[in-house]
Amino acid sequence: MVDQTTRGAAQKPFLRALAGETLAKPPFWLMRQAGRYLAEYRATRSQAGGFLDLCLSPELACEVTLQPLRRYGMDAAILFSDILIVPHALGQKVGFAEGEGPRLEPIRDAAALARLDPIGLHRRAAPVYDTVRLIRSALERDFPNIALIGFAGSPWTVACYMVEGAGSKEYMQVKEMAFGDPALFAKLLDVLTEATIEYLSAQVQAGAEAVQLFDSWAGAVPATHFDAWVVRPTVRIVSALKARHPGLPVIGFPRQAGHNLEGFVTATGVDAVSLDPSVPVSWAAKVLQPKVTVQGNLDPVLLIAGGDALRRGVAGILEGWSGRPFIFNLGHGIIKETPPENVALLTQLLRA
Ligand code: CP3
């Protein structure tokens with residue numbers, strides 16, 4: 001099996017930081033760096049038709065992945081896709097209604113769970129792997145120092161969408177299943193854990209050099225269940241990926257995990273942890289950064305505010321974290337109202 005994870009690993013600043021090196025200038029990328037805040041994204045998106053069509057059209061998905069790099073030259077590209085490709089690839093009906101966010105045919109019982117089709121996963125996800133191949137060869141050609149990140153949602157966060165059938169504030173349906181029928185919920189997490197391993201492993205074979213697991217709703221998990229719903233599936237994914245692809249760096253993003261962050265970092269074996277804006281920089285420098293590379297954690301709204309507020313926010317993070325392994329990022333995705341010129345200012349501040 002040809003494994004491209006280590007190709008160029010010694011040079012690319014992003015991979016060096018993931019390997020535990022402290023760089024004089026921290027590498028940076030931004031979650032949701034491709035997206036609606038860029039006019040060229042909106043143009044490509046309208047060419048594709050729907051959002052899912054864009055995710056499943058390799059040439060167009062490759063194009064939007066490269067768009068922010070041409071403007072700002074980040075140190076990493078992230079595959080343009082979505083965490084809901086995994087439910088789609090398992091055969092669940094997934095749609096994105098314009099202006100309403102995702103809609104899925106909800107899974108609420110054993111019969112619906114049994115209808116998922118893990119055998120068809122790679123066939124349905126194949127366009128994503130093609131996208132990874134296209135991006136990787138475009139990077140080798142035009143941006144040889146930019147690394148390629150593959151990604152997936154974590155089982156808990158993806159399960160939230162699969163059971164709720166949409167975004168949610170209370171997570172009532174998914175928690176009702178998890179508390180009321182723990183065996184059924186454990187089975188759903190298992191299906192997702194194995195699918196995520198397969199899906200990420202195929203991205204790595206296609207050319208992804210690091211992977212990030214997005215657990216956007218980790219903050220909704222009660223402390224009593226954090227181990228079962230978040231930590232254990234992550235341990236399984238990290239260890240299976242590292243067994244198949246020795247040296248592959250894995251970034252965990254258990255958003256708003258608060259008091260569970262230290263345990264998460266210790267137990268899961270991730271190489272880096274991405275932190276949301278609620279995490280105090282000084283605490284993470286003391287407790288997390290000696291163990292793993294930290295990534296984050298500028299409030300995305302500072303990219304809308306711009307000016308001195310943005311300058312101060314960036315300076316505080318650089319001051320707190322530059323002495324140890326560190327990748328600059330936002331604490332969550334870029335908001336669509338973000339003025340592109342503020343991203344240019346951020347780039348200047350980081351490269352100064
Ligand atoms: O970071 C990147 O540039 C890569 C692309 C990426 C997208 N989604 C593109 C996208 C990544 C890494 C994701 C992950 C994702 N998707 C998460 C985890 C990270 C997070 O933000 O918490 C989640 C929870 C989703 C699910 C999802 N996808 C939602 C809730 C929505 C609708 C939100 C909205 O703003 O409308 C999406 C759609 C989506 N995914 C868009 C993009 C650029 C907007 C779609 C559009 O063009 O209309």
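The values are calculated or read from the model by the stated rules, or taken from the named source; none is laboratory data. None of these values were measured; they are calculated from a predicted model. Cβ placement follows ideal geometry from the backbone for every residue including glycine, while neighbour counts extend to all protein chains displayed. Surface accessibility is based on the protein's heavy atoms, side chains included, excluding ligands, DNA and RNA. Shrake-Rupley method; radii C 1.70, N 1.55, O 1.52, S 1.80 Å.
May I ask you to say which residue of A186, A147 is in contact (Cβ under 8 Å) with a residue 40 or more places away in the chain, within 15 Å of the ligand (Cβ to nearest atom) and either within 23 Å of D82 (Cα to Cα) or open to solvent by 30 Å² or more (accessible area, probe 1.4 Å) (or both)? Within the list A186, A147, the selection yields A147. Name the single residue, out of those in region 87-108 being within 9 Å of the ligand (Cβ to nearest atom) and either among the aromatic types (F, W, Y) or in a strand (DSSP E or B) (or both), that is nearest to R45 (Cα to Cα). Here the residue is F96. Just wondering, is there one or more residues in region 4-12 that are modelled with pLDDT under 95, within 21 Å of the chain's Cα centre (by Cα), open to solvent by 60 Å² or more (accessible area, probe 1.4 Å) and within 22 Å of D130 (Cα to Cα)? Checked region 4-12: at least one residue is modelled with pLDDT under 95, within 21 Å of the chain's Cα centre (by Cα), open to solvent by 60 Å² or more (accessible area, probe 1.4 Å) and within 22 Å of D130 (Cα to Cα).
Filter region 30-48 down to residues that are free of Cβ contacts under 8 Å to residues at least 60 places away in the same chain and among the polar types (S, T, N, Q) and give me whichever is farthest from R136 (Cα to Cα). For region 30-48, the residue satisfying everything is S46. The single condition from (1) of a type in the set (G, A, S); (2) closer than 30 Å to A147 by Cα; (3) near the ligand (Cβ under 10 Å from one of its atoms) that G73 fails is (3). Being out of contact with any Leu (no Cβ under 6 Å at 6 or more places or on another chain) and within 27 Å of R42 (Cβ to Cβ): is that true of P339 here? Against the criterion (out of contact with any Leu (no Cβ under 6 Å at 6 or more places or on another chain) and within 27 Å of R42 (Cβ to Cβ)), P339 qualifies.
Residue by residue, here is whether (1) over 18 Å from the mean Cα position of the chain (by Cα); (2) open to solvent by 10 Å² or more (accessible area, probe 1.4 Å); (3) in contact (Cβ under 8 Å) with a residue 12 or more places away in the chain holds:
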position: G50; (1), (2), (3): yes, yes, yes
position: I85; (1), (2), (3): no, no, yes
position: H88; (1), (2), (3): no, yes, yes
position: L104; (1), (2), (3): yes, yes, yes
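For A243, the stated conditions do not hold, so it cannot be described as touching an Asp or Glu at 6+ places or on another chain (Cβ under 9 Å) and within 27 Å of L188 (Cβ to Cβ).
All conditions but one from (1) away from the ligand (no atom under 15 Å from the Cβ); (2) in contact (Cβ under 8 Å) with a residue 12 or more places away in the chain apply to A126; the one that does not is (2). For first residues located in region 15-29 and closer than 19 Å to L288 by Cα and β-branched (V, I, T), partners that are open to solvent by 80 Å² or more (accessible area, probe 1.4 Å) and modelled with pLDDT of 95 or more and lie 6+ apart or on another chain with Cβ distances below 7 Å form the pairs T22/R324.
Looking at region 225-247, can you tell me whether even one residue there is within 13 Å of the ligand (Cβ to nearest atom) and within 15 Å of the chain's Cα centre (by Cα)? No: region 225-247 contains no residue that is within 13 Å of the ligand (Cβ to nearest atom) and within 15 Å of the chain's Cα centre (by Cα).
A residue that is farther than 20 Å from A34 by Cα and in contact (Cβ under 8 Å) with a residue 60 or more places away in the chain occurs nowhere in region 328-350. Annotation: of all residues in region 240-287 being crowded, with 23+ Cβ neighbours inside 10 Å and polar (S, T, N, Q), the one that is farthest from A220 (Cα to Cα) is T268. Against the test of being without any contact (Cβ under 8 Å) to a residue 40 or more places away in the chain, surrounded by fewer than 20 Cβ atoms within 10 Å (Cβ to Cβ), over 24 Å from V250 (Cα atoms) and among the charged types (D, E, K, R), the options D117, D109 yield a single qualifying residue, D117.
Among helices (runs of 4 or more DSSP H) entirely within region 154-210, having at least 3 residues that are closer than 30 Å to P246 by Cβ singles out 155-164, 182-206.
Here Q289 fulfils each of the conditions (1) within 16 Å of the ligand (Cβ to nearest atom); (2) assigned to a loop (DSSP other than H, G, I, E, B); (3) touching a helix residue (DSSP H, G or I) at 6+ places or on another chain (Cβ under 7 Å) apart from (1).
For region 16-33, the criterion of a residue being surrounded by fewer than 20 Cβ atoms within 10 Å (Cβ to Cβ), within 12 Å of the ligand (Cβ to nearest atom) and under 20 Å from the mean Cα position of the chain (by Cα) is satisfied by at least one position.
Of all the listed residues (E337, E341, E262, E319), the sole one being among the acidic types (D, E), within 16 Å of the ligand (Cβ to nearest atom) and at pLDDT 95 or above is E337.
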